[in-house]
Structure formats: C-alpha cells, structure tokens
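**Q** This is the structure I have questions about; it appears just below.
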Amino acid sequence: MITCRETKDSSRDFSGKGVATYPNGDVYDGNFEKGIRSGKGKYTYSNGNVYEGDWKDNLKDGIGKMVYSKEGTYYGYWAKGQKEGEGVFTYPNQDLYSGLWAGGKKEGEGTFIFFETGMK
C-alpha cells in the first residue's frame, strides 16, 4: 500500500492497492495500474462528493455510486467519467429518476417519481 501526500510520495508508476492524497484535498483509495486509477476504488472529493466503483484510465467507468454532497445520489453505469447507460438518481427530497443516461445527462427512456405524491 502506498500513501501519496502532495510532493512527498507519488503514485506515478505504482501498481496495486493504495491511497493517494492530492494537493487539492481529494483522496483516492483503491487500485492503481502503473500510476493510473484502474479497477475498484473510492474517490473522496474535497467538496464532500464521494464516488465508489469501477475505474479505467483514471476515469469512472463501469458500475459505480456517486454521492453528491448537495445534489443527491447516482447509482448506475459510467463511461469515460460520465453517467452512461442505465442509472438511478435520487434527489435530496427523495424524488427519483430511473432511466437512461448519455454524456452525463438524462437521455432516452426513463421514469421520474415524485416522492411526496408517488406520481410518475
């Protein structure tokens, strides 16, 4: 396991499980392949957002869950760092959108459920 803190250590060329703390306060705890986030990992952003799931080439890619500190929670598929394919977004007021995503935005078929009324 490697711990990277600012300029003390570096994840460059590291392979295996490690924890990297970046100068902006973000923290990644997961797998590296030659210094690149790859496989399973958890990324905690300095703004309080947390992503846990699959990584490829330093980007969210595969299945993962992103908890946005103020906007809600997304669980579903990612590709090249963006929401892509099927996913569910739960808003802070418990409203829910379940459907398709492309390029990080809702696109195609989906269902929006209003929590208070149960209306779809």
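**Q** What is the residue count in region 83-108 for residues that are under 10 Å from residue 72 (Cα atoms) and either β-branched (Val, Ile, Thr) or in contact (Cβ under 8 Å) with a residue 60 or more places away in the chain (or both)?
**A** 1
**Q** Here's a follow-up. Would you mind stating whether residue 60 is closer than 21 Å to residue 16 by Cα, buried (at least 17 other Cβ atoms within 10 Å of the Cβ) and among the basic types (Lys, Arg)?
**A** Spelling it out, residue 60 is indeed closer than 21 Å to residue 16 by Cα, buried (at least 17 other Cβ atoms within 10 Å of the Cβ) and among the basic types (Lys, Arg).
**Q** I'm told residue 75 meets every condition in (1) closer than 29 Å to residue 115 by Cβ; (2) outside any strand (DSSP E or B) except one. Can you identify the failing condition by its number?
**A** All conditions are met except number (2).
**Q** Kindly list the number of the only condition in (1) surrounded by 18 or more Cβ atoms within 10 Å (Cβ to Cβ); (2) within 22 Å of residue 97 (Cα to Cα); (3) of a type outside the set (Ser, Thr, Tyr) that fails for residue 79.
**A** It fails just one condition, (1).
**Q** For region 9-36: of the residues being surrounded by 14 or more Cβ atoms within 10 Å (Cβ to Cβ), closer than 15 Å to residue 57 by Cα and small (Gly, Ala, Ser), which is nearest to the chain's Cα centre (by Cα)?
**A** Applying the filter and picking the extreme gives 30.
**Q** Now a separate question. Could you list, in sequence order, all residues of region 37-46 that are of a type in the set (Lys, Arg) and either part of a loop (DSSP other than H, G, I, E, B) or surrounded by fewer than 18 Cβ atoms within 10 Å (Cβ to Cβ) (or both)?
**A** Those that are of a type in the set (Lys, Arg) and either part of a loop (DSSP other than H, G, I, E, B) or surrounded by fewer than 18 Cβ atoms within 10 Å (Cβ to Cβ) (or both): 40, 42.
Laboratory data are not the source of any read-out in this text; all were calculated from the coordinates shown. Nothing here was measured: the structure is a model prediction, and the numbers come from that model. Backbone-built Cβ (ideal geometry, glycine too); neighbour counts: all protein chains shown.
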